[in-house]
Amino acid sequence: VPRAALRPLALALALTAALSPAAAAARRPAPRRPITVVATTTQLQDFVRNVGGARVKVVGLLRPNVDPHEYEPRPSDVAAVGSAGVVVEQGVGLDDWLDKVVRSAGRHPRIVVASRGAAILPGDGSEPQGDPHIWLDPRNAVVMVDDIAAGLAAADPADAAAFRGGARRYVARIRALDRRLARLVATVPPSRRKLVTDHDAFGYLARRYGIQVVGAIIPSLSTAAEPSARALAELIDTIRKAGVKVVFSEASVNPKLAREVASEAGARVDSSLYGDTLGPPGSPGATYLGALSYDVTAMARGFEAG
Ligand SMILES: [Zn+2]
C-alpha cells in the first residue's frame, strides 16, 4: 500500500477516536456534586427542583399534607440545615420556626428568602406579618421562583446561567397555566364564584381569578384558630343565603367540621383542596402546577353545582 494512501485513513481513525463518547467524556470536566438545598415548605421544594434540576439535591422540611401553621421542627430538620449549602425559606409568618432551627444547627448557611418582591395581602391576629399563602397567586409564584434562581446563582455562580434557564422555563409553564385557569374561571358567571373553605387560605387565589371568599369554617388565616359556635351558626346562615352548594375541605385539615357545617347549610363537601401543602407523590397535587390546576378546576366545578 502506498504511504500516501494511508494518511487519510489514519486521519479518519484519529477523528473517530476524538468524536467517540469516551473521548468526549474525557474532555468534559468531572460532574460536580449537586448543592444540597433545604427548603421549608412543599411549594418551595418543588420550585427549587424546577429551578435547579440535577444541579440541586432538595431536602424538604415540611412534608405533604402536614399543616405548616402548627409545625414543630424535628431534630432531623436541625441536622438537615446543619449540612445544607443553601436554605430556602418563604418568610411571611409561615416558617418562622426556621430561625430556631438555624440557631440549633449552630452554623449560618446561606439563606434565601423567597418572598422578596411578592405582593403580600394584610394579615390577621394569628398571622400578623401578612397573609402567608402567597404562592396561591401564580404571579407571586413567579416572583418566588426568580428569588430562588437569584439565590442559587449567588451560591453557585458557575451554574448561574443554568439556574436562570431553569427558572425561565418553569415561569413560562406557570404563566401558561395561570392563563388557562383564568379562562376557565371566566366561564363561570361572577355571581356564582362564591368560595367557602376550611380556613382562610385562598385570598390570593380568589383575588387573582375574581372569586369571592364568602367565609371559612375556621375564620382565620391560620388553622391554629378555632371557630366559635356563634361564628359557625353565622357561616351556615351565610352559606344558605348565598346559595353556596359546595364547601371545600383542605387536604391538611380535618374535614369533620366542614362536613357538619355543609350538612346544616344544605350544601356538600367537595374535593379536598391543596391549600397549605402540596400532595404526596402520585397525587394530582404532588406539584405546584398540579395542585393549582386541581384547586381551580375543582372550584369552577363546585361553583356551577346546582
Ligand atoms: Zn393556611
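Derivation of every value follows stated rules applied to the coordinates shown; laboratory data play no part. Not measured: the values here are computed from a predicted model. Counting neighbours? That spans all protein chains shown, and the Cβs are built from the backbone with ideal geometry, glycine included.
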Would you mind getting me the FRET efficiency between Glu260 and Arg207? Use the beta-carbon distance for r and R0 = 41 Å, nearest 0.05. 0.90
Points 7 angstrom from Cα along the Cβ direction at Arg268 and Ala305: gap in nanometres? 0.6
The chain, dipole about Cα centre (Lys/Arg Cβ +1, Asp/Glu Cβ -1), debye to the nearest 20: 1980
Top positive-direction residue, dipole computed over the chain with Cβ charges, set Gln212, Thr40, Leu184: Leu184
Folded to 0 to 90 degrees: helix 42-52 orientation relative to the chain principal axis, Cα: 20
Net charge over other residues, Cβ less than 10 angstrom from the Cβ of Leu257 (K, R count +1; D, E count -1): -1
Return the tail of the calculated pair distribution for region 207-306, meaning the percent of Cα-Cα pairs more than 17 Å apart. 53
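Among Asp198, Asp67, Asp95, what is the fewest-to-most ranking by other Cβ atoms within 10 Å?
Numbers: Asp198 27, Asp67 19, Asp95 23.
Ordered by Cβ neighbours within 10 Å, fewest first: Asp67, Asp95, Asp198.
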Taking 30 Å as R0, compute the FRET efficiency from the Cβ-Cβ separation of Arg63 and Gln129 and round it to 0.05. 0.80
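Taking the radius of gyration and the Kirkwood hydrodynamic radius from Cα positions alone, what is the Rg/Rh ratio for the chain, to two decimal places?
Result for the chain is an Rg/Rh of 1.15.
Where the only charges are on Cβ atoms (+1 Lys, Arg; -1 Asp, Glu), what is the dipole of region 157-284 about its Cα centre, to the nearest 20 debye?
On the way: 20 positive and 12 negative charges, 182 e Å.
Once rounded to the nearest 20, the dipole reads 880 debye.
Between Ala229 and Ser191, what length comes free when the chain is fully extended (0.36 nm per residue of separation minus the Cα-Cα distance, one decimal in nm)?
Values: separation 38, 0.36 × 38 = 13.68 nm, distance 2.82 nm.
Full-extension gain reported as 10.9 nm.
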Could you identify which residue out of Pro34, Pro189, Pro109 has the top mean-square fluctuation in a GNM of the chain using Cα springs shorter than 10 Å? Pro189
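Scaled to the compact-protein estimate 2.2 N^0.38 Å, what is the alpha-carbon radius of gyration of region 59-170, rounded to two decimal places?
Details: Rg = 14.7 Å, N = 112, 2.2 N^0.38 = 13.2 Å.
My calculation over the Cα atoms of region 59-170 gives 1.11.
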When we measure straight from the Cα of Lys241, which lysines land under 17 angstrom away, once same-chain ones fewer than 8 places off are left out? Lys194
Taking the alpha-carbon centre of each part, the distance from region 60-124 to region 229-253 in Å is 32
Please rank Ser293, Ser272, Ser104, Ser191, fewest neighbouring Cβ atoms within 10 Å first, as an exposure proxy. Ser191, Ser104, Ser293, Ser272
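Only counting other Cβ atoms within 10 Å, I'd like Phe163, Phe303, Phe202 sorted with the fewest neighbours first. Before the final figure, lay out each step's value.
Details: Phe163 25, Phe303 22, Phe202 28.
The order, fewest Cβ neighbours first, is Phe303, Phe163, Phe202.
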In degrees rounded to 10, the 0-90 angle between helix 288-304 Cα long axis and the longest Cα principal axis of the chain is 30
Fluctuation leader among Ala119, Ala84, Ala216 - the chain, Gaussian network, Cα springs under 10 angstrom: Ala119
